[in-house]
Structure formats: structure tokens, C-alpha cells
Amino acid sequence: MYAKGGRGGRAARLLFGAMALCLLQDAAAANICPEFEVGDTIVQSAPGCQNDVEIPFTMKSNAQTEIVILKGRQPGATIEVKKQFALIEDTAKTRDLPFKAIVRWTPQLEHAGSRFSMILSSTDPNCDAAILAAQRMSHTVIFRVQKCEYCISEKESLHSIAARFSTHWTQIWSSNHQLDSPDQLAARQKIKLGNFYKTAKGDTWKLMAIRFGTTIERLLELNPDFGPDRNTSQFVAFLSGLATAHSAQEKLVDHVVMVPAHADVCVMPQTCPESRTAHEGVTW
């Protein structure tokens with residue numbers, strides 16, 4: 001037993017106060033914050049694919065808070081919360097009520113080849129996702145956006161998609177053996193834009209562009225996970241560096257031009273030799 005007013009007694013009172021504050025905060029969070037199921041939600045997607053991801057959770061009937069995408073929200077992403085109960089009957093007493101959050105997001109071509117995590121939680125400070133994740137008061141939706149794939153919209157056709165990528169519709173059709181007819185496409189149907197090429201040591205963007213009859217810009221558009229963001233000044237400098245490296249020695253010395261070995265690069269090869277750009281010393 002510590003003497004009254006001693007250092008030990010003061011330390012004990014401070015410790016007790018801190019523990020009491022933690023208990024009060026936990027109790028407040030339990031009455032305010034949502035409770036999600038354990039584990040992340042993983043979504044396999046592709047550019048152009050509209051995703052409607054439903055996340056069930058519960059909240060106390062007397063909770064007055066808003067559920068939002070707290071962290072990692074991407075441009076165009078929205079969230080809608082719907083009640084899953086009869087409003088008058090189920091809110092008569094304080095109890096856990098069922099809800100569902102619907103996260104909607106359509107990735108674009110610049111998102112291909114990457115993963116994005118969006119954290120859902122309440123706007124209340126007591127529900128800070130970084131602190132209370134272990135208490136199921138937040139939920140993470142992970143979008144894995146596939147490369148070399150694309151979802152067709154209602155107004156698109158193989159012709160319009162091919163025109164977007166400056167190629168012929170037969171090139172895209174030849175990459176999609178599952179299509180019985182190029183004229184019978186369904187909205188939200190997923191197709192392949194091209195093929196994957198496994199890079200080898202010494203490959204450069206320019207060499208690949210020549211080999212497959214395409215352009216450096218097109219390769220980078222299909223592979224945004226390589227190189228800088230297309231919307232920055234660094235991307236302009238990146239292209240400038242690629243264009244000015246003419247000799248093999250320059251390509252090998254300049255690391256900006258090099259492509260990592262054993263990487264999967266999406267290519268849309270130009271299958272018609274007459275349409276390929278002529279290069280000195282290269283025959284098709």
C-alpha cells in the first residue's frame with residue numbers, strides 16, 4: 001500500500017484514470033461505430049468494369065454517424081448505405097441493426113496493373129480506421145485491376161474500341177477466342193485487349209515497339225504500372241528520354257529506357273505488316 005499523496009499513489013491514480021478513459025472511449029465507439037465482418041473484400045476488376053461491391057455491417061439503432069470511404073478513395077468512387085430493416089419496428093429499442101454499404105467504382109485504363117485499397121468507416125473520430133481496425137470498426141475493399149483486359153460499355157463495339165487504340169478490330173477479335181461473333185457483344189462483357197509478352201534482359205520500350213509494330217506511347221498506355229504517371233511532367237521527360245536513345249549503347253546505359261526482365265507487358269501487336277512503321281534494317 002502506497003502512502004497517501006506519495007509518488008506511488010499519484011502514479012496509480014494516473015494509471016487508473018487512463019484505463020477508465022480507454023474504457024469510456026471503447027464504450028463510446030461501440031455505441032457509435034459500425035461493426036463489419038472480419039477480413040478484407042478483394043475485387044478482381046479491369047478498366048471499364050463497373051463494380052458494385054456490397055459490404056454488410058451493423059450499427060446501434062441510436063447511432064448518429066455517417067459511413068464513408070475514409071481513406072484511399074479513387075476518383076469516381078462512391079458509397080451508398082442502405083438499411084436492411086423495418087424502420088419503425090426495429091428501431092424501437094437500442095440494438096444492432098443490419099445495413100449494407102455499396103461501393104461503386106469503375107477503374108480506368110491508367111489504373112491497370114495496380115491494386116487500390118479503400119477503407120470504409122465512420123466519420124466519427126472514435127472510429128478512426130487506423131486505430132480501431134482490429135475491432136472490426138472499419139473495412140478494407142481491395143481492387144485488383146487486371147492489365148490487358150477491358151469491359152465493354154453499352155455504346156461500344158470492337159470497331160470503336162479498336163479506333164481508340166489506333167488498331168483494327170480484327171486484332172482485338174483474334175485475341176478473344178471466346179467471342180462467337182464480333183457483332184454480338186454484351187454490356188459489361190470483359191474482353192482481352194492484346195497479349196502478354198514476358199520481357200527478357202536487354203528489352204527496351206523502343207525495341208518492343210519496333211518488334212510488335214506499335215508505339216512506345218501505346219505500350220505505356222497499356223502498361224501504366226511501368227514508368228511515371230501519364231499526367232505529370234515526368235512522363236513527358238520519360239518519353240523524351242526514350243525517343244532520344246538511338247544506339248544500342250545508349251539504350252543499355254540509360255536505365256530509364258530499360259524494362260525489367262521477366263515482366264509481363266501487355267502488347268497490341270500490329271498484325272498487318274503494311275500498317276507498321278518502317279524502321280531501317282527491320283523487315284517483317
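If you add up the charges near Ser174, with Lys and Arg at +1 and Asp and Glu at -1, over every other residue whose beta carbon is less than 15 angstrom from its beta carbon, what do you get?
Taking every other residue near Ser174 into account, the sum is 0.
May I ask you to sort His168, His279, His177 by Cβ crowding, counting other Cβ atoms within 10 Å and putting the fewest first?
His177, His279, His168
Sort the following peptides by mean Cβ neighbour count (other Cβ atoms within 10 Å, averaged over residues), highest first: 179-189, 109-119.
My ranking of the peptides, most packed first, is 109-119, 179-189.
Whose amide H sits under 5 Å from the amide H of Gln108, counting only residues 5 or more places off or on another chain, with H placed in the peptide plane?
Gly48
So, counting K/R as plus one and D/E as minus one, what does the shell of residues with Cβ under 12 Å around His139 add up to?
-1
Bear in mind these aren't lab numbers, they're just calculated from the coordinates by the rules spelled out. Since this is a predicted model, take the numbers as computed values, not measurements. Every residue, glycine among them, receives a Cβ derived from its backbone with ideal geometry; neighbour counts consider all protein chains shown.
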